[in-house]
Amino acid sequence: MFCINRRKDRELFFDKKNECLTKKEKHKLQSELLVDLVKRVYDSVPAYRAKMDAINIKPSDIKSIDDIVKLPFTTKQDLRDNYPFGMFSTDKKDIIRVHASSGTTGKLTVVGYTKYDIEVWAECCARSLVAAGADANSLLHVAYGYGLFTGGLGLHYGGERLGLTVVPVSAGNTPRQIQLIIDFKADGICCTPSYAIYLADEIIKAGYTAKDLNLKWGLFGAEPWSEEMRNEIEDKLGLKAYDIYGLSEIAGPGVASECEFQKGAHIWDDHFYPEIVDVDTLEPLPIGERGELVFTTLTKQGMPLIRYRTRDITALDDSPCPCKRTGYRIKRIKGRSDDMLIIRGVNVFPSQIESALIGSDDKISSHYHITVDRVKNLDVMEIAIELKQDAKFDEVKDIEALVSKLETVIGSAIGVSAQVKLVSYASIKRSEGKAQRVTDKRK
Amino acid sequence: MLVNQIAVFLENRSGRIAEFSKVLADANINIRAMSIADTEEYGILRAITDDNVRAVETLKINGFNASATDLIGFNVADKPGEMFKVLSILEKAKINIGYLYSFAGANKENAIILIKVDDNEKTAAILESNGINLMGRDLPI
């Protein structure tokens, strides 16, 4: 047992007032924000208006946050139906940035941010960083990818908002990452947990130990991880590992993040209102019960989402936290209510692979099977693709050319590399009912 | 004047060649010559059977990707330098060989060589005009 020396208040919180609202204050704030939000989207987003009209709900029916249960859910399919910008609720001139993540088929899920949205997001990331131990003197090594993916830029802006020093390394080039972490004496790091373990192993291979590093804390997210992984990361990198939760549809990383007590990610619920619903009935569940996590973006301007189904299966924890933050905590994500896979931080839907394969070559059938595994702490995906009955090969080079072509087709469709394995006709097991297309050995 | 073979796609996993031979055995088809080209993950099994048409049909029904192809086959004397002689002729004519397999010992004097080329007709004509003894459909093995 060791005693945590608590830092001074001004170092413990980025925004103590809003991170520690009382129940009453929170109810009032969330109610005001929701009433305003519903009016805004009803007036400006035809898709929302149509959904509300269909169940006969008017903005005037929403008087407090308790009325949220009257509102319809929003899903990834809604975003797809309104691709690319149909869910935006402000003038295009007010949108200053877009990010995007994988959709269920070929098209991306697009999110638009106003200047205010970027500021709010940066603030939430700044809160997350401070909760993990960062302050203005810290040096933050951002090893999340920069680009359409929200990880890199999200933490980058959060770090700058806090006023620390950001090193925008982005993903890849591990030897250079190691050199910079050591030479710059990084205090903190953020990346996916699986990359953290890979990086730690590479650091050890390069002949260093945790003592050669100055790392004190790390924020890890964009994929589900476990307490075992936390222990391994902490041991190997000599830091405290915190879970940061987010998804691009809601903002990006920093929707919720852990405090020094590491008991689940506190939701910044003055901006993102959480609910847990039953996966089958979609009825709201009491706090503590496990179901699908649903978020409403109370303050978002560019693309507000009402009761957005995250598909993440988890439970909320409202027990008081010694850190005094009052945002409910998200327990470990226990799975998905859809078939989305997270491969090296990238969201992948089997349907994306399927639509990429269709018509790509007349030697292959529509039968495939995805196997995901973790090899040396990195996710690997193998896709077995069955040949058509009349597909013929006379030379090995023809097989290799087809494999390489399919790997390119899939890689560019899903944004992450996969190994293709061709298999003979009729060798993939047929299932009665719903096809079992995925074997995930990581679980 | 051409020799017909079957080509079968194989994933490199244990037991697959045994499965192949069982399918043919059960159909009472005799394998007369065989060769396998493989990489770490895949292989192509090439074989000449006593009934290639039925072999392809049977293999397909049993979950194999099989097809038939025509090759050029010829006899050479079973002694040093004979293969080189033929290959030199082909090289001079700029004919590229996709793959080749051969078997000796079928009879005492001759070896049989099978080659895959892009243009069978042209290749056959060149070989014949150089006095090479081409094989017919029926292998003397």
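The values are calculated or read from the model by the stated rules, or taken from the named source; none is laboratory data. Note that the structure is predicted; figures quoted are calculated from it, not measured. Quick reminder, even Gly has a Cβ in these numbers, built from the backbone with ideal geometry, and neighbours come from all protein chains shown.
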Suppose the filter is in contact (Cβ under 8 Å) with a residue 12 or more places away in the chain and either within 13 Å of chain A (Cβ to nearest Cβ) or β-branched (V, I, T) (or both); does B:I113 pass it?
yes
Tell me, yes or no, whether region A:96-117 has at least one residue that is surrounded by 20 or more Cβ atoms within 10 Å (Cβ to Cβ) and assigned to a helix (DSSP H, G or I).
yes
Qualifying positions in region A:394-440 - farther than 23 Å from A:I343 by Cβ, in contact with a Leu (Cβ under 9 Å, 6 or more places away or on another chain) and without any contact (Cβ under 8 Å) to a residue 24 or more places away in the chain:
A:I399
Does B:I29 fit the bill of being in a loop (DSSP other than H, G, I, E, B) and either loosely packed, with under 14 Cβ neighbours inside 10 Å or more than 14 Å from chain A (Cβ to nearest Cβ) (or both)?
yes
Does at least one position in region A:400-416 carry a residue that is part of a strand (DSSP E or B) and under 30 Å from A:S248 (Cα atoms)?
no
Identify the residue in region B:97-118 that is surrounded by 12 or more Cβ atoms within 10 Å (Cβ to Cβ) and in a loop (DSSP other than H, G, I, E, B) and, among all such residues, is modelled with the lowest pLDDT.
B:A106
Restricting attention to region A:179-205, report how many residues are touching a residue at least 24 places away in the same chain (Cβ under 8 Å), assigned to a helix (DSSP H, G or I) and of a type outside the set (D, E).
13
Output the residues belonging to region B:48-69 that are within 7 Å of chain A (Cβ to nearest Cβ) and of a type in the set (V, I, T).
B:T69
Residues to consider are B:F20, B:F9; find the one that is at the interface with chain A (Cβ under 10 Å from one of its Cβ atoms), of a type in the set (F, W, Y) and touching a residue at least 24 places away in the same chain (Cβ under 8 Å).
B:F9
Pairs under 6 Å by beta carbon, first residue farther than 28 Å from A:M229 by Cβ in region A:367-393, partner among the acidic types (D, E), six or more apart or different chains?
A:H367/A:E386
Residues that are surrounded by 18 or more Cβ atoms within 10 Å (Cβ to Cβ), more than 9 Å from every other protein chain (Cβ to nearest Cβ) and at positive phi, drawn from region A:402-433
A:G415
Residue satisfying all of: in region A:120-137; of a type outside the set (A, V, I, L, M, F, W, C) and closer than 21 Å to A:R325 by Cα; surrounded by the fewest Cβ atoms within 10 Å (Cβ to Cβ) among these:
A:D135
If A:R176 passes every condition in (1) closer than 22 Å to A:L153 by Cβ; (2) of a type outside the set (S, T, N, Q); (3) in contact (Cβ under 8 Å) with a residue 24 or more places away in the chain; (4) not in a loop (DSSP other than H, G, I, E, B) but one, which one does it miss?
(3)
Return the residues of region A:138-173 that are part of a helix (DSSP H, G or I) and free of Cβ contacts under 8 Å to residues at least 60 places away in the same chain; say none if nothing qualifies.
A:G152, A:H156, A:Y157, A:G159, A:E160, A:R161
Name the residue, out of A:I370, A:I385, that is assigned to a strand (DSSP E or B), β-branched (V, I, T) and within 14 Å of chain B (Cβ to nearest Cβ).
A:I385
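Every residue, every condition in (1) within 16 Å of B:N65 (Cβ to Cβ); (2) of a type in the set (G, A, S); (3) surrounded by 18 or more Cβ atoms within 10 Å (Cβ to Cβ), yes or no:
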{"site": "A:P350", "(1), (2), (3)": "no, no, yes"}
{"site": "A:G359", "(1), (2), (3)": "no, yes, no"}
{"site": "A:T371", "(1), (2), (3)": "no, no, no"}
{"site": "A:R374", "(1), (2), (3)": "no, no, no"}
{"site": "A:D379", "(1), (2), (3)": "no, no, yes"}
{"site": "A:I383", "(1), (2), (3)": "no, no, yes"}
{"site": "A:K388", "(1), (2), (3)": "yes, no, no"}
{"site": "A:F393", "(1), (2), (3)": "yes, no, yes"}
{"site": "A:E400", "(1), (2), (3)": "yes, no, no"}
